[in-house]
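J.: Attaching a single structure in structure tokens format; questions to follow.
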There are 2 protein chains.
Amino acid sequence: MNELLSQVRVVLINTSHPGNIGAVARAMKNMGVSSLYLVEPHEFPAAEATARASGADDLLAAATVVDTLEAAIADCALVVGASARLRTIPWPVLDPRACAARMLSVAASGKVALVMGRERSGLSNAELEHCHYLVHIPSNPEYTSLNLAAATQVLVYELRMAVLAQGDSPQLAQQPEHPLATAGELDGLYAHFEETLTALGFLDPQNPRQLMRRLRRMFNRTGLDQMEVNILRGILTAAQNGGKKKTRD
Amino acid sequence: MNELLSQVRVVLINTSHPGNIGAVARAMKNMGVSSLYLVEPHEFPAAEATARASGADDLLAAATVVDTLEAAIADCALVVGASARLRTIPWPVLDPRACAARMLSVAASGKVALVMGRERSGLSNAELEHCHYLVHIPSNPEYTSLNLAAATQVLVYELRMAVLAQGDSPQLAQQPEHPLATAGELDGLYAHFEETLTALGFLDPQNPRQLMRRLRRMFNRTGLDQMEVNILRGILTAAQNGGKKKTRD
């Protein structure tokens with residue numbers, strides 16, 4: 001597990017539906033966050049939580065159940081509360097990306113908590129006052145209330161993206177199958193196009209520019225690899241031979 | 001509703017659990033995306049879908065149910081498939097942020113589709129070939145499979161963040177010269193390629209898959225406009241006629 005993400009804790013307050021606890025555990029594990037605290041859950045452990053956790057039931061088994069928010073965050077250097085609404089009490093609000101950056105910078109030296117309120121009513125004002133910041137997920141003003149696990153998914157996703165952006169990110173830069181064609185190889189392809197299209201009567205040699213320019217722009221934009229250049233030249237050769245190869249076979 | 005987000009369509013393929021369809025609708029509406037297409041859902045409409053949609057049941061009522069992926073994307077200028085795994089067939093892969101940027105840039109001039117595969121098995125290879133890009137949510141290598149609605153939530157969240165980042169900046173990147181080709185127009189092009197290359201003896205009709213897949217991948221990546229599709233089809237027609245047109249001139 002990533003060291004910074006291992007400093008992150010998700011705290012759920014008074015969750016009503018055990019299915020949501022399971023779905024939160026799944027969202028966390030998908031993003032590499034594993035520490036889950038439950039403040040007075042309505043029902044836990046519960047079969048529905050385990051079912052919705054899918055393969056993340058190890059997080060449920062290791063979850064810490066406590067009586068108060070204070071107990072859940074006592075050892076944390078940063079506490080951020082999720083909020084669906086703008087509060088009457090002005091409080092510093094971060095968007096999820098800024099929240100991730102802030103949490104990771106503190107995680108280098110201490111534990112950090114992401115606090116998720118009740119499904120219906122969120123955080124109380126007393127709970128809010130334990131938070132250093134609020135995080136607000138920008139949402140459709142006409143329909144602001146995200147599902148608890150969906151909101152958690154977005155927030156831990158941003159944490160993972162921030163961790164990857166830091167690292168020499170061994171991202172997925174899928175290794176290319178074949179090397180990219182060189183400019184010289186592309187010139188060979190374009191010359192082959194020009195020759196073939198002229199032979200087919202498709203290109204007017206008196207005025208080839210517009211068509212060849214369009215083809216160049218199109219294939220340059222593609223970023224052809226060497227195998228693709230070979231395929232295209234094979235097609236051009238077959239077109240020049242007018243399918244003669246076929247009759248030879 | 002935001003104009004760019006109104007161009008975005010979410011396509012769910014063969015969804016097994018109706019609850020997931022409802023949760024996807026909620027995730028979409030939270031982020032201001034409303035167009036939902038369902039390809040052969042196992043059970044729909046369904047009470048569980050409506051329950052999980054919470055206040056987003058209007059999206060379910062307006063959802064379009066179709067028989068094939070082709071029907072769901074025929075009028076789309078960009079198709080991005082969500083993929084939890086690295087494929088044996090290398091295909092251009094975006095992360096969710098780059099995916100959002102790409103989708104919004106195309107949404108300025110056409111409809112764009114985000115295609116979500118089955119809960120267990122994702123997208124088939126045949127479905128993959130309809131996608132211009134794949135989008136992969138970076139996840140814990142030991143536990144990669146996000147819930148369908150959670151994955152959708154992350155992807156539409158990034159779309160909303162990208163829209164907000166554009167803000168009052170009236171970007172409107174260079175107006176394209178010609179509209180992008182739709183998925184249906186591209187299918188016509190690929191069918192024309194297959195027919196011509198078979199006639200030329202370049203393609204073995206017994207085993208066309210590898211070559212056609214490479215061509216699809218190459219041209220999907222390019223983002224062809226309608227003029228370019230016309231040029232390519234003109235070349236194919238000329239090749240089929242074996243330059244007969246020339247002799248007539």
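The values are calculated or read from the model by the stated rules, or taken from the named source; none is laboratory data. These numbers were taken from a predicted model, which means no experiment stands behind them. Methodologically, a virtual Cβ is constructed for each residue, glycine included, from the backbone with ideal geometry; neighbour enumeration extends over all protein chains shown.
J.: Considering each of A:83, A:124, A:109 in turn, give the residue that is closer than 15 Å to residue A:69 by Cβ and without any contact (Cβ under 8 Å) to a residue 40 or more places away in the chain. Can you show your working first?
T.: Numbers: A:83 fails: without any contact (Cβ under 8 Å) to a residue 40 or more places away in the chain; A:109 fails: closer than 15 Å to residue A:69 by Cβ.
Just a single option satisfies the conditions, and that option is A:124.
J.: Additional query: Can you find even one residue in the range A:33-50 that is within 21 Å of the chain's Cα centre (by Cα) and part of a loop (DSSP other than H, G, I, E, B)?
T.: Within the range A:33-50, one or more residues are within 21 Å of the chain's Cα centre (by Cα) and part of a loop (DSSP other than H, G, I, E, B).
J.: Considering only the range B:51-92, how many residues are in a helix (DSSP H, G or I) and surrounded by fewer than 21 Cβ atoms within 10 Å (Cβ to Cβ)? Break it down stepwise before answering.
T.: As a first pass, look at the range B:51-92 and keep what is in a helix (DSSP H, G or I): B:51-61, B:69-73.
Among the residues that remain, those that are also surrounded by fewer than 21 Cβ atoms within 10 Å (Cβ to Cβ) are: B:51, B:54-55, B:57-58, B:61, B:70-71.
Final tally of qualifying residues: 8.
J.: Report yes if some residue within the range B:24-34 is surrounded by fewer than 22 Cβ atoms within 10 Å (Cβ to Cβ) and more than 14 Å from chain A (Cβ to nearest Cβ); otherwise report no.
T.: Filtering the range B:24-34 down to residues surrounded by fewer than 22 Cβ atoms within 10 Å (Cβ to Cβ) leaves B:34.
From what is left, the residues that are more than 14 Å from chain A (Cβ to nearest Cβ) are none.
No; the residues of the range B:24-34 include none that is surrounded by fewer than 22 Cβ atoms within 10 Å (Cβ to Cβ) and more than 14 Å from chain A (Cβ to nearest Cβ).
J.: On to the next question. Inspect all residues belonging to the range A:93-115 and state whether any of them is at pLDDT below 95, assigned to a loop (DSSP other than H, G, I, E, B) and under 22 Å from residue B:147 (Cβ atoms).
T.: Checking the range A:93-115: not a single residue is at pLDDT below 95, assigned to a loop (DSSP other than H, G, I, E, B) and under 22 Å from residue B:147 (Cβ atoms).
J.: Having 2 or more residues that are in contact (Cβ under 8 Å) with a residue 60 or more places away in the chain and more than 9 Å from every other protein chain (Cβ to nearest Cβ) is the bar; report the helices (runs of 4 or more DSSP H) wholly within the range A:140-240 that clear it. Quick ask: steps written out before the conclusion?
T.: Values: elements: A:148-166, A:183-199, A:209-222, A:226-240.
By residue number, A:148-166.
J.: Mind checking which residues of the range A:56-80 are of a type outside the set (Val, Ile, Thr) and in contact (Cβ under 8 Å) with a residue 60 or more places away in the chain? If you could, list the steps in order and put the result at the bottom.
T.: First, pick out the residues of the range A:56-80 that are of a type outside the set (Val, Ile, Thr): A:56-63, A:67, A:69-72, A:74-78.
If the condition is that a residue be of a type outside the set (Val, Ile, Thr) and in contact (Cβ under 8 Å) with a residue 60 or more places away in the chain, then A:69, A:70, A:72, A:76 are the ones that fit.
J.: Same structure, new question: Name the residue that is nearest to residue A:53 (Cα to Cα), counting only residues in the range B:116-144 that are over 18 Å from the mean Cα position of the chain (by Cα) and buried (at least 18 other Cβ atoms within 10 Å of the Cβ).
T.: Here is the first cut: in the range B:116-144, the residues over 18 Å from the mean Cα position of the chain (by Cα) are B:120, B:138-144.
After this cut, where a residue has to be buried (at least 18 other Cβ atoms within 10 Å of the Cβ) as well, the list is B:138-140, B:143.
Working: B:138: 19, B:139: 16, B:140: 15, B:143: 12 Å.
So, considering only residues that are over 18 Å from the mean Cα position of the chain (by Cα) and buried (at least 18 other Cβ atoms within 10 Å of the Cβ), the one nearest to residue A:53 (Cα to Cα) is B:143.
J.: Please pick out the residue among B:50, B:64 that is within 10 Å of residue B:21 (Cα to Cα) and among the β-branched types (Val, Ile, Thr). Break it down stepwise before answering.
T.: On the way: B:64 fails: within 10 Å of residue B:21 (Cα to Cα).
None of the others qualify; the one that does is B:50.
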